[in-house]
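Only one structure is covered here, and it is reproduced in the block below.
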Number of protein chains: 4
Amino acid sequence: MPKLSSRRVHTPIVLVNFKTYAEGTGKNALKLAELCEKVSFETKVCIGVAPQSVDIAPIASAVTVPVFAQHIDPVTHGSFTGHVLPEAVKEGGAVGTLINHSERRLKLADIDAIITRAREAHLISVVCSNNASVSAATAALKPDMIAVEPPELIGTGIPVSKAKPEVVSGTVDLVKRVNRDVVILCGAGITHGEDVAAALRLGTEGILVASGVVKAKDPYKVLLEFAENMHK
Amino acid sequence: MPKLSSRRVHTPIVLVNFKTYAEGTGKNALKLAELCEKVSFETKVCIGVAPQSVDIAPIASAVTVPVFAQHIDPVTHGSFTGHVLPEAVKEGGAVGTLINHSERRLKLADIDAIITRAREAHLISVVCSNNASVSAATAALKPDMIAVEPPELIGTGIPVSKAKPEVVSGTVDLVKRVNRDVVILCGAGITHGEDVAAALRLGTEGILVASGVVKAKDPYKVLLEFAENMHK
Amino acid sequence: MPKLSSRRVHTPIVLVNFKTYAEGTGKNALKLAELCEKVSFETKVCIGVAPQSVDIAPIASAVTVPVFAQHIDPVTHGSFTGHVLPEAVKEGGAVGTLINHSERRLKLADIDAIITRAREAHLISVVCSNNASVSAATAALKPDMIAVEPPELIGTGIPVSKAKPEVVSGTVDLVKRVNRDVVILCGAGITHGEDVAAALRLGTEGILVASGVVKAKDPYKVLLEFAENMHK
Amino acid sequence: MPKLSSRRVHTPIVLVNFKTYAEGTGKNALKLAELCEKVSFETKVCIGVAPQSVDIAPIASAVTVPVFAQHIDPVTHGSFTGHVLPEAVKEGGAVGTLINHSERRLKLADIDAIITRAREAHLISVVCSNNASVSAATAALKPDMIAVEPPELIGTGIPVSKAKPEVVSGTVDLVKRVNRDVVILCGAGITHGEDVAAALRLGTEGILVASGVVKAKDPYKVLLEFAENMHK
């Protein structure tokens, strides 16, 4: 594992993407982050939260779990109205950032520049990728983490624990061949605790989840199940 | 004047765009906002601040001057990772938002959608435009305000007070012919107090400024000069 | 009507968008253009074709009907690899171009710049717009033509002849109030000849069609029906 | 070397990007392509030309040198108005395409999809990349060729023959470690024949040039010098 730039971040990790869900916005986002903190405290598993940029500062000042931005731009201090400055996100209390999420796809040259800017601002970079070859390409850019989303697990509804092992381990192998140091998260196919256990067994060191937690009837229960299955 | 959706916002107005300037980020942004509040209190002129999204909540909870986002996206609650949700910006304490700034140009269909979304989230919409015909086009989309940047005043360094009056009044006329209700801000050519006075005399109801204030040696002094020239 | 920059273009007009349909690509595109020419010759109605950029030159050198590009970029001669230069499209034989089609939405500032560049390259500009307020905004940019797509007619499957008259005439009124000179095309809701007649009756001067012609079992028959209903 | 999908393409290769230069548009583009054909015939060196999409068909039907598009989109037959369909480019006579040129940067996911689409349409894919790590990332996507542009050679005006050897060979090594089969072109720093010789000596199998040829006083002379230095 590379030396992650925040003491609070360690693997295995559950990273919860709040998206722009009503349940993950404003006061609701804060409540959800507190709940993540509770489960993290109880299970000793690292649980990161990725709220919207507006919610980073209020959440980071209220909880101890690590906060991630959902996106940053490859900009510096200057004339970049409406962009997300890595240093602003850092000063707001974030320790890392998602990059190139499927809902916010970026140019290759910008992903490369953002990873560099994240490093300069002491933010952990978590790049999302949509298939095995893009995951391998991303690995060459040397981010701290890659959240892989095997196409066989998206849309199909097949959970990791029921999928052919190669679906996850194949991507892990391909990524590791390009970059042994990168931390791989499983970004799709996580529904139950057994999927978490399967994902770790197949070579990933954590999971990136969203609606499964944020829009769950009982997010506490789901998170607890996920976290408990993190102890291999 | 249209009924602006916040009691705190009234014309004439000075709107200060913090961009991603070091002087307008994080703790510095907070200090600058407090300084705007001081001048607003002393002069009774409305001074709005537009910090980065990460800084909206900390600033909005610390000062009484109206806070504007620098950008919002045409999204709703849902799966829009890395986008700026109008409702999040509102809950964070903003009363309005810049749209289509020259450093964050948007698609025509998205500007239209964002103005609608801003209205739904009770945010004042301030659309930036780069010339007379684009200003007229923008007026047809019925935003609350338009910040016009006559090309004759950008880059050339010619201040409003020294420019041919038609440069500003011509755009004002064109905009008013399409939409009588929209508030027009002068978004370029403001260097000294006399430029503020000239801008108001030529039909605008306020100014949008950035480096002139944010990167000034003495922002308090500049703001005071601007605000005092607001009293026609 | 404004003075359109090609003698071959006159209203009322049927403009056929070939998209990237198999039936509208390469040799098929040429055949389809020849068929448009046949119907135009028989009915004396102006029928324009909008093939892909690669197919402009072969088609323009083979048929007499006016050829339109599907898109041009706001670029000049210079370092703009992979962009569509207005002058290249003109020299290839096109007389005009679609701009801001719903499948190729553009930034407001770019639409404005493209209309200017089209004029400089002597290309007729046909801007697509998605609702009444965007149509009015587009009118302020002074293109030669606007192809309006009333939302009430898209997706719903309601043809112009069955829709409430205001759906089309309302947009026409709004556009004409901003710009009396622009030619308005009806870009949605055209299924049968009676829709063409209704569209013209409601104030438009032509239609923009795609799959209805390109993917028809018998494109000749459909085009003939459309063209014959152009004679009010 | 991978099996390139056109018999006419072989290494070492000179690939000439016509951009939107006046000297590379329309009739001028055709003349320039004929000149490339002449030099290719005289020297037996493969010289490819990359004109604008509008000029592909006229050029491909007039000359025997291989024609490349400057850009294609990750689209299929269907509703993609204004996009460049790989199959249309192929039917127009192109044998390959540039992808992700510095003047037309693309999203990582789109580069991946375009390489796949190019393969399906039997087009040779030539992806441009801006530094060593992006080149390595690109290699993982398995295009046919990569045109590398070492940052040390762009803007600085340092030609390959005068640069430190590692500047080029370092990138070559990094790329080959990820993908041994990809053909590497040198996309910057080529001014004189000795730069061509140096580029080949350092591990590339060809060059991508633009203004150096297209805007030369005597393009024939420059091309001849480049081609003659291709024979190692």
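Please treat every number below as a calculation from the coordinates, not as lab data. Note that the structure is a prediction, hence the values are computed from the model and not measured. Ideal geometry is used to build each Cβ from the backbone, glycine not excepted, and the neighbour counts take in all protein chains shown.
Here the simple spin-label model places points 7 Å from the Cα toward Cβ, and for C:HIS231 and C:LYS164 these points are separated by 3.5 nm. Around the amide H of D:ALA147, modelled in the peptide plane, lie the amide H atoms of D:VAL127, D:CYS128, D:SER129, D:LEU185, all under 5 Å away and 5 or more residues distant in sequence or on another chain.
Taking a ≥ b ≥ c as the square roots of the eigenvalues of the Cα gyration tensor, chain B is oblate, since a/c reaches 1.5 or more and a/b is not larger than b/c.
Note on D:HIS192 and C:ARG201: their simple-model spin labels are 7.8 nm apart, each label 7 Å out from Cα toward Cβ.
In order along the range A:94-107, phi translates into HN-Hα couplings of 6, 10, x, 7, 6, 9, 6, 4, 4, 8, 8, 5, 10, 5 Hz, rounded to whole numbers, per the Karplus curve 6.51 cos²θ - 1.76 cosθ + 1.60 with θ = phi - 60° and x for Gly and Pro.
Within the shell defined by Cβ-Cβ distances under 11 Å, the residues around A:PRO150 carry a net charge of -2, with Lys and Arg each +1 and Asp and Glu each -1.
Distance from the axis that maps chain D onto chain C is least for the Cβ of the chain D residue given, with the whole Å value, as D:SER53, 2. Placing R0 at 60 angstrom, the Cβ-Cβ distance between A:ASP181 and C:LYS221 gives a FRET efficiency of 0.40 after rounding to 0.05.
Apply the Kirkwood formula to the range B:138-232: the hydrodynamic radius equals the inverse of the mean of 1/r over all pairs of different alpha-carbon atoms; give it in Å with one decimal. All intermediate terms of the calculation are to be shown ahead of the outcome.
Details: mean 1/r = 0.0744 Å⁻¹.
Value: 13.4 Å, from the Cα pair sum.
For D:GLY206, the residues 5 or more places off, or on other chains, whose built amide H falls under 5 Å of its own are D:ILE13, D:CYS186. Charged side chains reduced to their Cβ positions (Lys and Arg at +1, Asp and Glu at -1) give the protein assembly as shown a dipole of some 0 debye around its Cα centre.
Rounded if a/c is under 1.5, else prolate if a/b is larger than b/c, else oblate: which is the range A:1-85, with a ≥ b ≥ c the root eigenvalues of its Cα gyration tensor? Spell out each step's value before the answer.
On the way: a/c = 2.38, a/b = 1.33, b/c = 1.79.
In terms of gyration-tensor shape, oblate.
Counting neighbouring beta carbons within 10 Å and listing from fewest to most, the residues A:ILE158, D:ILE115 come out as A:ILE158, D:ILE115.
Between A:GLU120 and C:THR76, the distance separating the two model label sites (each 7 Å from Cα on the Cα→Cβ line) works out to 3.1 nm. A simple count of charges around A:GLY78, restricted to other residues whose Cβ falls under 12 Å of its Cβ and scoring Lys, Arg +1 and Asp, Glu -1, yields -2.
Between copies, B:GLY157 shows label-point distances of 2.6, 6.5, 6.7 nm, shortest first, with the point placed 7 angstrom from Cα along Cα to C-beta. Sorted from closest to farthest, the other copies place their A:THR76 label points 2.9, 4.2, 4.4 nm away, with each point set 7 Å from Cα along Cα→Cβ. The P(r) of the protein assembly as shown has a tail past 36 Å containing 56 percent of all C-alpha pairs. If R0 equals 22 Å, the separation of the Cβ atoms of A:SER211 and A:ARG104 corresponds to a calculated FRET efficiency of about 0.85. Separation of the range C:122-167 from the range B:70-145 is 22 Å, based on Cα centroids.
Placing unit charges on the Cβ atoms only, positive for Lys and Arg and negative for Asp and Glu, gives the range B:93-149 a dipole magnitude near 80 debye about its Cα centre. The HN-Hα couplings worked out from phi for the range B:78-85 by the Karplus form 6.51 cos²θ - 1.76 cosθ + 1.60 (θ = phi - 60°) are x, 8, 9, 3, x, 9, 9, 7 Hz, whole numbers, x standing for Gly and Pro. Between copies, the label points of C:GLU225, set 7 Å from Cα on the Cα→Cβ line, lie 5.5, 6.6, 7.2 nm apart, reported in increasing order to one decimal in nanometres.
Relative contact order of chain B: what whole-number percent is it, with Cα pairs under 8 angstrom and at least 6 residues apart? Please report the intermediate quantities before stating the final value.
Working: 486 pairs, mean separation 47.0, N = 232.
For chain B, the relative contact order is 20 percent.
Each Cα pair under 8 Å and six or more residues apart adds its sequence gap; the mean of these over the residue count of the range A:116-232 is a relative contact order of 23 percent.
Taking other residues whose beta carbon is less than 14 angstrom from the beta carbon of D:LEU208, and scoring Lys, Arg as +1 and Asp, Glu as -1, yields -3. Couplings for the range C:114-119, taken from phi via the Karplus curve 6.51 cos²θ - 1.76 cosθ + 1.60 with θ = phi - 60°, read 5, 4, 5, 5, 4, 4 Hz in order; Gly and Pro are left as x. Centroid-to-centroid, using Cα positions, the range C:1-63 and the range D:4-32 are 29 Å apart.
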